[in-house]
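> Let me give you the structure first, and then I'll get to my questions.
The values are calculated or read from the model by the stated rules, or taken from the named source; none is laboratory data. Model, not experiment: these values are computed from the prediction. A quick note on method: Cβ atoms are made from the backbone with ideal geometry, for glycine too, and the neighbour counts reach across all protein chains shown.
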Amino acid sequence: MIILSPSARSVPANAVRPLVRTFLLPFLLLSVALSILAQDGDEIVVDSSVVIVNASVKNADGRNAGGLKKDQFKIFEDGVEQRIDYFSAEETPFAAVILLDTSGSMEERVSMARAAAIRFLDGLRDSDSAAIYRFDSKVTLVQPFSNSRDIAEAAFDLKADGMTKMNDAIYQAAVDLSKREEKRRAIIVLSDGQDTISSRSADKALKSAMSADIVIYTIDMSPLGDAKRIQNQGPLKTLAEKSGGTFVSTPGGAAMREAFEKIVGDLGVQYTLGYSPINTKKDGKWRSIELRVARPNLTIRTRKGYNAGKGK
């Protein structure tokens, strides 16, 4: 998309550090302030006084598009252009939750999902952090947040059994990630996509993740010959596309290794922008976000919106 943007006003170098101390720190603290509601069916909603948007921008060849400047970006909320108050193109630590489907339908593929999790951990930098959960008839922590590249011994004892609480697992991951200090957050779902007994809908799980600025990456673990494979891919594709992540349809081999390398690369190198919405109503409604860049032949992945906070 090509959008003509006005030139950004330059800031003297000697003014940058005071700006960081007096403005950016409280700005970022506000951006991660979340209202997490415990009642069943409720969603995570952001304090809409500040909205942080993380974006992965790719060139036509699929490589990260580097060198973009603040004045090349435009943000629209519900179709109305917003002023960009914060911009960063630096490599930044990320926090991620890996969700392993261990329900009965995954009986022959749990080991493959575990191997994929190991592949992801291999790509962590010292500043990154990841946790692992399993989900079947319940959601269970397997490995707490750490920068360890070694998978917990408990992961090797995982067996497939029970029903599938994928939506509840995504919601729980969103709650836990919303408490993290990292501005870049992700959920990696390894599943055959068959949710059966979650108390929350796929829509509520997705909105909760997007409201906490979490990107969802989904890996389809269903067998290639499964008659329901295409049908079950639908929810996984929706989760990825609407949150700004990617969907991986190949459950193993070189394609999966390459996919995980790209996921780690995406999370480590993103553009982070922040704005104070013109619409200050605390009505709890969904606000759509559109990000545009004034350079042709780019692919932009970012979340599609958030739920505004509710006033008293």
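> Criterion first (crowded, with 21+ Cβ neighbours inside 10 Å and within 29 Å of Val50 (Cβ to Cβ)) does Asn167 satisfy it? Don't jump to the end; show me each part of the working.
Details: crowded, with 21+ Cβ neighbours inside 10 Å: yes; within 29 Å of Val50 (Cβ to Cβ): yes.
Criteria met by Asn167.
> Condition first: in contact with a helix residue (DSSP H, G or I) (Cβ under 8 Å, 6 or more places away or on another chain) and under 15 Å from Ser56 (Cα atoms). Now tell me which residues in the range 275-293 satisfy that.
The initial filter retains those residues of the range 275-293 that are in contact with a helix residue (DSSP H, G or I) (Cβ under 8 Å, 6 or more places away or on another chain), namely 286, 293.
Selection gives Val293 alone.
> Within the bounds of the range 64-81, is there any residue that is farther than 22 Å from Lys262 by Cβ, in contact with a helix residue (DSSP H, G or I) (Cβ under 9 Å, 6 or more places away or on another chain) and assigned to a loop (DSSP other than H, G, I, E, B)?
Initial filter on the range 64-81 (farther than 22 Å from Lys262 by Cβ): 69-81.
In the following step, the residues that additionally are in contact with a helix residue (DSSP H, G or I) (Cβ under 9 Å, 6 or more places away or on another chain) were identified as none.
Scanning the range 64-81, I find no residue that is farther than 22 Å from Lys262 by Cβ, in contact with a helix residue (DSSP H, G or I) (Cβ under 9 Å, 6 or more places away or on another chain) and assigned to a loop (DSSP other than H, G, I, E, B), so the answer is no.
> I've got another one for you. Go through the range 234-255 and give me each residue that's closer than 17 Å to Met106 by Cβ and crowded, with 18+ Cβ neighbours inside 10 Å. Steps first, please.
Taking the range 234-255 first, the residues closer than 17 Å to Met106 by Cβ are 235-236, 248-252.
Result: Pro235, Leu236, Val248, Pro251.
> Moving to a separate point now. I'd like to verify a number: residues in the range 265-309 that are small (Gly, Ala, Ser) and under 26 Å from Glu91 (Cα atoms), how many? Working first, answer last.
So in the range 265-309, the residues small (Gly, Ala, Ser) come out as 265, 268, 274, 276, 284, 288, 294, 305, 308-309.
Within this subset, residues satisfying the condition of being under 26 Å from Glu91 (Cα atoms) are 265, 268, 274, 276, 294, 305.
Within the range 265-309, residues that are small (Gly, Ala, Ser) and under 26 Å from Glu91 (Cα atoms) number 6.
> Here's another thing I want to ask about it. Is it the case that Ile289 is part of a strand (DSSP E or B) and either over 16 Å from the mean Cα position of the chain (by Cα) or not assigned by TED's automatic domain parsing to the domain that holds Gly67 (or both)? Give the steps one after another, and end with the answer.
Values: part of a strand (DSSP E or B): yes; either over 16 Å from the mean Cα position of the chain (by Cα) or not assigned by TED's automatic domain parsing to the domain that holds Gly67 (or both): no.
When the stated conditions are applied, Ile289 does not pass them.
> Need the failing condition index for Ile219 against (1) part of a helix (DSSP H, G or I); (2) within 19 Å of Ser111 (Cα to Cα); (3) touching a residue at least 60 places away in the same chain (Cβ under 8 Å); (4) in contact with a strand residue (DSSP E or B) (Cβ under 9 Å, 6 or more places away or on another chain), just the number.
Among (1) part of a helix (DSSP H, G or I); (2) within 19 Å of Ser111 (Cα to Cα); (3) touching a residue at least 60 places away in the same chain (Cβ under 8 Å); (4) in contact with a strand residue (DSSP E or B) (Cβ under 9 Å, 6 or more places away or on another chain), the lone unmet condition for Ile219 is (1).
> Which of the residues belonging to the range 62-99 are hydroxyl-bearing (Ser, Thr, Tyr) and under 21 Å from Ala294 (Cβ atoms)?
Within the range 62-99, the first condition is being hydroxyl-bearing (Ser, Thr, Tyr), and the residues that meet it are 86, 88, 92.
Across the range 62-99, the qualifying residues are Tyr86, Ser88.
> Just to check your reading of the model, which residue among Ala259, Ala254, Ala308, Ala240 is of a type in the set (A, V, I, L, M, F, W, C) and free of Cβ contacts under 8 Å to residues at least 12 places away in the same chain? Talk me through it step by step, then tell me what you get.
Values: Ala259 fails: free of Cβ contacts under 8 Å to residues at least 12 places away in the same chain; Ala308 fails: free of Cβ contacts under 8 Å to residues at least 12 places away in the same chain; Ala240 fails: free of Cβ contacts under 8 Å to residues at least 12 places away in the same chain.
Answer to the check: Ala254.
> Further, regarding this structure: Working only within the range 111-150, note down all residues that are touching a residue at least 60 places away in the same chain (Cβ under 8 Å), buried (at least 18 other Cβ atoms within 10 Å of the Cβ) and hydrophobic (A, V, I, L, M, F, W, C).
Ala113, Ala116, Ala117, Phe120, Leu124
> Pick out, from the range 99-194, the strands (runs of 3 or more DSSP E) lying fully within it that include 3 or more residues that are in the same structural domain as Gly244 (by TED's automatic domain parsing), more than 19 Å from Phe260 (Cα to Cα) and touching a strand residue (DSSP E or B) at 6+ places or on another chain (Cβ under 7 Å). Give the derivation first.
On the way: elements: 129-135, 139-146, 184-191.
Hits in the range 99-194: 139-146.
> On to the next question. Going by the structure shown, is Tyr275 crowded, with 16+ Cβ neighbours inside 10 Å, of a type in the set (Phe, Trp, Tyr) and assigned by TED's automatic domain parsing to the domain that holds Ala60? Before the answer, list the steps.
Details: crowded, with 16+ Cβ neighbours inside 10 Å: yes; of a type in the set (Phe, Trp, Tyr): yes; assigned by TED's automatic domain parsing to the domain that holds Ala60: yes.
Considered against the rule, which asks whether it is crowded, with 16+ Cβ neighbours inside 10 Å, of a type in the set (Phe, Trp, Tyr) and assigned by TED's automatic domain parsing to the domain that holds Ala60, Tyr275 comes out as yes.
> For Leu267, all conditions in the list (1) closer than 29 Å to Asp128 by Cα; (2) touching a helix residue (DSSP H, G or I) at 6+ places or on another chain (Cβ under 6 Å) hold save one; what is the number of the exception?
Among (1) closer than 29 Å to Asp128 by Cα; (2) touching a helix residue (DSSP H, G or I) at 6+ places or on another chain (Cβ under 6 Å), Leu267 violates only (2).
> Yes or no: the range 91-110 includes at least one residue that is loosely packed, with under 15 Cβ neighbours inside 10 Å, modelled with pLDDT of 90 or more, over 30 Å from Asp226 (Cβ atoms) and not small (Gly, Ala, Ser).
Taking every residue of the range 91-110 in turn, none turns out to be loosely packed, with under 15 Cβ neighbours inside 10 Å, modelled with pLDDT of 90 or more, over 30 Å from Asp226 (Cβ atoms) and not small (Gly, Ala, Ser).
> Return the residue satisfying two criteria in turn: it lies in the range 85-98 and is of a type outside the set (A, V, I, L, M, F, W, C), in a strand (DSSP E or B) and within 20 Å of the chain's Cα centre (by Cα), and of such residues it is nearest to Ala169 (Cα to Cα).
Glu91
> If you don't mind, another one. If a residue must be outside any loop (DSSP other than H, G, I, E, B) and at pLDDT below 85, how many such residues does the range 233-263 contain?
At the first step, the residues of the range 233-263 found to be outside any loop (DSSP other than H, G, I, E, B) are 233-243, 247-248, 253-263.
In the following step, the residues that additionally are at pLDDT below 85 were identified as 253-262.
Within the range 233-263, residues that are outside any loop (DSSP other than H, G, I, E, B) and at pLDDT below 85 number 10.
> Considering only residues of the range 52-68 that are of a type outside the set (S, T, N, Q) and surrounded by 14 or more Cβ atoms within 10 Å (Cβ to Cβ), which is nearest to Gly244 (Cα to Cα)? Can you show your working first?
Of the range 52-68, the ones of a type outside the set (S, T, N, Q) are 52-53, 55, 57-58, 60-63, 65-68.
Next, only the ones that are surrounded by 14 or more Cβ atoms within 10 Å (Cβ to Cβ) stay: 52-53, 55, 57-58, 65, 68.
Details: Ile52: 14, Val53: 10, Ala55: 8, Val57: 11, Lys58: 12, Ala65: 16, Leu68: 19 Å.
Here the answer is Ala55.
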